[in-house]
Amino acid sequence: MAPTPSLSRRWGKRLKYDDASWHYGGDFPEDLPNENGATHIGMFVAWALLNGLQGPEYDDEMADALAALQNRTATPGEWVLEHCDGKFIDADLNDQGNAFAQAYYEAGGTLADYINDYGGVLDTEPTLYHTADSWENFDKLAPVISQRFEEFQSPSPGRTGWRRLLPF
């Protein structure tokens, strides 16, 4: 599996965790469409939104878009390309979701690395970009993300969980 670029960059006043263009704009397999650079992003974002970790804008202006995930009328990668322009930013999540993303999605976080779990559960050969953007793959990956979220909520000694990162 090819290494993923360093994630989490400041983008204006927003924190950008990932962007499909970072992937297809770099060392990307020539035989794949650019959309494949969004599959791993979409899987995580879909899991977070479907598990109540969405940011406040999803309650109002993005409610219809969220329904497309809930009804599975778009795959996770398609959804993030269509509704987030292929970007995963801090505004997509609430405080708890952002703390989890910083600990798990970002390479070098305090939990197991999301990309390693992604590659361990899904067929990522010859690269992670070859993984099918499907609800079947989402359903394989979602229990692992849920397990990591449970670990995150109840951190072991020496590991920081969201309760220790947030001011409330």
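The values are calculated or read from the model by the stated rules, or taken from the named source; none is laboratory data. Please read these numbers as outputs of a predicted model, since none were measured by experiment. As a convention, Cβ positions derive from the backbone with ideal geometry for all residues, glycine included, and neighbour counts pool all protein chains shown. Just so you know, the surface numbers come from the protein's heavy atoms only, side chains and all, with ligands and any DNA or RNA stripped out. Shrake-Rupley method; radii C 1.70, N 1.55, O 1.52, S 1.80 Å.
What does the charge count near Tyr104 come to, summing +1 for each Lys or Arg and -1 for each Asp or Glu among other residues with Cβ under 11 Å from its Cβ? Cβ neighbours under 11 Å give a net charge of -3.
Of the residues Met43, Met62, ranked by 1.4 Å probe accessible area with the largest first, the sequence reads Met62, Met43. Note on Ser154 and Asp59: with the Förster distance fixed at 22 Å, the Cβ-Cβ geometry gives a FRET efficiency of about 0.20. Summarising the label geometry, the points placed 7 Å from Cα in the beta-carbon direction at Asp85 and Asn116 lie 3.4 nm from one another.
Evaluating 6.51 cos²θ - 1.76 cosθ + 1.60 at θ = phi - 60° for every residue in region 29-36, the Karplus couplings come out as x, 5, 7, 10, x, 4, 4, 5 Hz, glycine and proline recorded as x. Computing FRET efficiency as 1/(1 + (r/R0)^6) for Leu66 and Asn34, where r is the C-beta to C-beta distance and R0 is 30 Å, gives about 0.75. Length gained on full extension, Ser21 to Asp139: 40.0 nm, using 0.36 nm per residue less the C-alpha separation.
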